[in-house]
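Engineer: The structure's right below; bear with me while I get my questions together.
Each reported figure results from applying straightforward, stated rules to the coordinates on display, with no laboratory input. In this text the structure is predicted, and so the values were computed from the model without any measurement. Methodologically, a virtual Cβ is constructed for each residue, glycine included, from the backbone with ideal geometry; neighbour enumeration extends over all protein chains shown.
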Amino acid sequence: MAIHWRLKSYLSEKHCIYRPTQLQKLIIKKTGVQISLRNLCNYLDHKPKTLRLQTLEIVCSALECELHDFCEVKPAKQDPSKMKKLSYQNTPHSKRATRSFPDPKDYS
């Protein structure tokens with residue numbers, strides 16, 4: 001999946017916010033929630049690997065915007081020749097289950 005994270009440029013263009021402390025003050029003023037400066041710096045400097053939906057909701061509420069204003073998700077381009085079919089045959093023997101399901105009669 002191709003994710004384009006543009007929070008820093010969005011803040012500078014639309015809200016004239018250039019520092020994480022400015023964003024933190026705005027979030028506190030609008031929502032009453034304090035997000036740590038370390039997290040805000042991470043969100044501004046690069047695309048986060050994980051991000052809670054609650055945090056996204058707080059940021060969007062404070063900025064009065066929608067997620068697509070600073071984050072765009074597009075499907076990744078797939079090469080059909082390199083795609084593997086997910087099946088039992090493609091699973092290595094070392095990863096396959098060796099036992100069958102237990103017999104329910106054994107639990108009575």
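Engineer: Just rank Val33, Val73, fewest to most, by other beta-carbon atoms within 10 angstrom.
Structural biologist: Values: Val33 14, Val73 11.
Ascending number of Cβ neighbours within 10 Å: Val73, Val33.
Engineer: If you look at just the Cα atoms of the range 2-74, how large are its Rg and its Dmax in Å?
Structural biologist: 11.2, 33
Engineer: Please rank Lys14, Lys8, fewest neighbouring Cβ atoms within 10 Å first, as an exposure proxy.
Structural biologist: On the way: Lys14 13, Lys8 17.
Taking fewest neighbouring Cβ atoms as first place, the list is Lys14, Lys8.
Engineer: Tell me, what HN-Hα J-couplings in whole Hz come from the Karplus equation 6.51 cos²θ - 1.76 cosθ + 1.60 at θ = phi - 60° for each residue of the range 41-58, using x for Gly and Pro?
Structural biologist: 4, 4, 5, 7, 7, 7, 5, x, 6, 9, 8, 6, 4, 5, 5, 4, 5, 5
Engineer: Same structure again: Show the residues, 5+ positions off or on another chain, whose built amide H is closer than 5 Å to the amide H of Cys71.
Structural biologist: When sequence neighbours closer than 5 places are left aside, the close amide H contacts are Arg6.
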